[in-house]
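Report on the structure given below.
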Amino acid sequence: MACRDIAAAVASLLIVVLLLVVGGGGVTGAIRADSMIRRPSSSIPTFREAPAFRNGEECASASRVDVAMTLDANYLRGTMAGVLSILQHTSCPESVSFHFLAAGMDADLAAAVRATFPYLDLRVYRFDPSRVRGRISRSIRHALDQPLNYARIYLADTLPATVRRVIYLDSDVVVADDIRALASVDLGGHVVGAPEYCHANFTNYFTDAFWSDPALNGTFAGRRPCYFNTGVMVMDVGKWRAGDYTRRVERWMEVQKQTRIYHLGSLPPFLLVLAGDIQAVDHRWNQHGLGGDNVKGRCRGLHPGPISLLHWSGKGKPWLRLDARRPCAVDYLWAPYDLFRPSSPVLEE
Ligand SMILES: *[C@@H]1O[C@H](CO)[C@@H](O)[C@H](O)[C@H]1NC(C)=O
Ligand SMILES: *[C@@H]1O[C@H](CO)[C@@H](O)[C@H](O)[C@H]1NC(C)=O
């Protein structure tokens, strides 16, 4: 490991030296300098083009699967890997439609996805951060306070009426199975399906202010509330709209603004509205926590059992740890889906 680090350091040093030498004069130097000036004008990384994934004959009558993700410069590499993983493992890739929610009018982000997946059926929607900004209260983790984190609440209001059911995925997942299997789970009349974890102690997600307020602390009465991770959800969009779930989640965010009733960001209001009232989906669809328990540098292994989806929730992200040459073992499962093209001008041409 140490040897490889030294070798890599020497290699990058050589590249720098080479650049300095080449850049010292001549036409090639001028061109290279030019391309290096252009690069920082956009903070968006560059990606390889993914191959075209085509439907087989057996897909002639395949129903469409709708997948929603957010689009953000910081997580773009994760989004790209997630999309590639879905296409690679599904039986009918051309029957998967992607819906991306982007904050702002970032045409570059949309262009990057289109250039990477030229054959993809995709739409990009503008998610207006001001819609949620006034309702966000600071959590113990700043990364969770980004408005785009709350975009999942507004999916049903954003997607076209033709979308009946959508799979929402965070941008730090790879799917290692046919997404159609997840899309076709029986929701049993529930508005949301997700893996449930009933051993988690609910007490700790909410504050004393919540548990001691008689107007609030009966919220879970009559339910058996279980934790679920909102990074992987199957949502009945029609039911969500009909039940005005957006407003229900927002109401809890407004309560939080007044009185601090929970610690984290977008998860607790979902739990308050839906915990104990979702369709439990097989745990194989969310091997979460691979980012490492919110403790920097800590690696997590895989839980026992079959795996259909890997989720790097937590602080550590596989692309950052791989780049830093301090990957966790599970990060090598993410690496094959990485379409990122390092911006080394020497290696590029
Ligand atoms: C849950 O956590 C609270 C506070 O940490 C504790 O008092 C309670 O006994 C725990 N409940 C269970 C079922 O472990
Ligand atoms: C709700 O709060 C009241 C007042 O603090 C308390 O007496 C009651 O036991 C609490 N109920 C629950 C379920 O925690």
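The values are calculated or read from the model by the stated rules, or taken from the named source; none is laboratory data. A quick note: this is a predicted structure, and the numbers were derived from the prediction, not measured. Note: ideal-geometry Cβ built from the backbone for every residue, glycine included; neighbour counts use all protein chains shown. Accessible surface areas use protein heavy atoms only, side chains included; no ligands, DNA or RNA. Shrake-Rupley method; radii C 1.70, N 1.55, O 1.52, S 1.80 Å.
The table below gives the values:
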| read-out | value |
| --- | --- |
| Residues of type aspartates and glutamates that Lys257 reaches as a straight line, Cα spacing below 15 Å, ignoring anything fewer than 8 places off in the same chain | Asp145 |
| Gain upon complete extension [Ala209, Arg247; 0.36 nm per residue less C-alpha separation] | 11.4 nm |
| Only Lys, Arg (+1) and Asp, Glu (-1) charged, at Cβ; the range 200-312 dipole about Cα centre in debye | 160 debye |
| Mean accessible surface per residue for the range 182-265, computed with a 1.4 Å probe while every protein chain stays in place, in Å² | 47 Å² |
| Extension gain from Leu216 to Cys59, taking 0.36 nm per residue of separation minus the Cα-Cα distance | 51.6 nm |
| 12 Å reach of a label modelled at Ser130, 7 Å along Cα-to-Cβ, counting backbone N of the range 245-267 | none |
| Equivalent-ellipsoid semi-axes of the range 65-124, from the Cα gyration tensor, Å, largest first | 19, 11, 10 |
| Protection-proxy order for peptides 210-223, 80-93, each taking the mean of Cβ atoms within 10 Å per residue, highest first | 80-93, 210-223 |
| Burial ranking of peptide ranges 315-323, 51-59 (average Cβ count within 10 Å, highest at the top) | 315-323, 51-59 |
| The range 253-271 versus the range 299-322: alpha-carbon centroid distance in Å | 26 Å |
| Between the range 170-207 and the range 55-116, the alpha-carbon center distance in angstrom | 20 Å |
